[in-house]
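Comments concern the structure below.
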Amino acid sequence: MGGVPTNYRGEALRPTDSDPDAVCPGLMAIGEGASVSVHGANRLGCNSLLDIVVFGRAAAHRAVELVRPGSAHPPLENGIEASLDRFDVVRHSKGPRKTGAIRTEMQKVMQDNCAVFRTADVLQEGVGKIDAAARAYADLGISDRSLIWNSDLVEALELQNLLEQAVVALHSAENRKESRGAHAREDFPERDDKNWLKHTLSWLDGDCDVTLGSRPVHLNTLSNEVQSFPPKARVY
């Protein structure tokens, strides 16, 4: 359902063509922010709570293995400056569009074009509309430039995050030609394990352009103490 892809130890993945399970050293994710690829990928509150208990513990054990007291910290490579630049650009924005107007546009697109039941036409229209909404963020303007209790600035920064998530969600949904879980396509009503038993990966650049890829699904357990359950259709 979405999130930072991780392994069972909470390490964030950076899949490559040669290694779909390559990790990003030092970066970890757990709970609702992560996708360990179990029970619905954390789309429900109880699932994310279980993930915190199980994989949060696993991540802590892995951190103990990796972190050594007194070891040198690698350089941040201008990460702080990039964050401050983003902050200042939004804080001093003077465009004609207000946060609320762009947010309403985004919400309407996601409600109309990315609801549970979908078709190719609806999703393709939504991709164009959500890309336009994301580009409209460049025309943002806020009126409060203070650094004390600035809800105008906070909402603008939150909107930027929401737009990025909306863009990758809609592009990923349009790309998947099947129905699975909460992704129900009326033009592709059946689950297609032959072609779509894989994780969708998405990369978003600074211009909100999306690149899509995939990584395989692990179907084997880590030990012989628990049997492997092959995927099967959910029927009632």
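The values are calculated or read from the model by the stated rules, or taken from the named source; none is laboratory data. What you see is a predicted model, and the numbers here were worked out from it, not measured in a lab. A quick note on method: Cβ atoms are made from the backbone with ideal geometry, for glycine too, and the neighbour counts reach across all protein chains shown. SASA here: full protein model, heavy atoms, side chains in, ligands and nucleic acids out. Shrake-Rupley method; radii C 1.70, N 1.55, O 1.52, S 1.80 Å.
Among what's in segment 201-217 and is in contact with a Lys or Arg (Cβ under 9 Å, 6 or more places away or on another chain) and either among the hydrophobic types (A, V, I, L, M, F, W, C) or open to solvent by less than 50 Å² (accessible area, probe 1.4 Å) (or both), pick the residue that is farthest from Asp21 (Cα to Cα).
Of the residues in segment 201-217, the ones in contact with a Lys or Arg (Cβ under 9 Å, 6 or more places away or on another chain) are 201, 207-208, 214-217.
Then keep just the ones that are either among the hydrophobic types (A, V, I, L, M, F, W, C) or open to solvent by less than 50 Å² (accessible area, probe 1.4 Å) (or both); that gives 201, 208, 215, 217.
On the way: Leu201: 12, Cys208: 25, Arg215: 8, Val217: 11 Å.
Filtering segment 201-217 for residues that are in contact with a Lys or Arg (Cβ under 9 Å, 6 or more places away or on another chain) and either among the hydrophobic types (A, V, I, L, M, F, W, C) or open to solvent by less than 50 Å² (accessible area, probe 1.4 Å) (or both), the one farthest from Asp21 (Cα to Cα) comes out as Cys208.
Any residue in segment 178-198 that's within 17 Å of Val217 (Cβ to Cβ): show its pairings with residues that are aromatic (Phe, Trp, Tyr) and open to solvent by 40 Å² or more (accessible area, probe 1.4 Å) at Cβ separation under 8 Å, as long as the two are six or more apart or on different chains.
Glu178/Phe188; Ser179/Phe188
Find all pairs meeting these conditions: Cβ atoms under 8 angstrom apart; at least six residues apart or on different chains; first residue within segment 86-107 and charged (D, E, K, R); second residue part of a strand (DSSP E or B).
Lys94/Gly141; Arg97/Leu140; Arg97/Gly141; Lys98/Leu140; Lys98/Gly141
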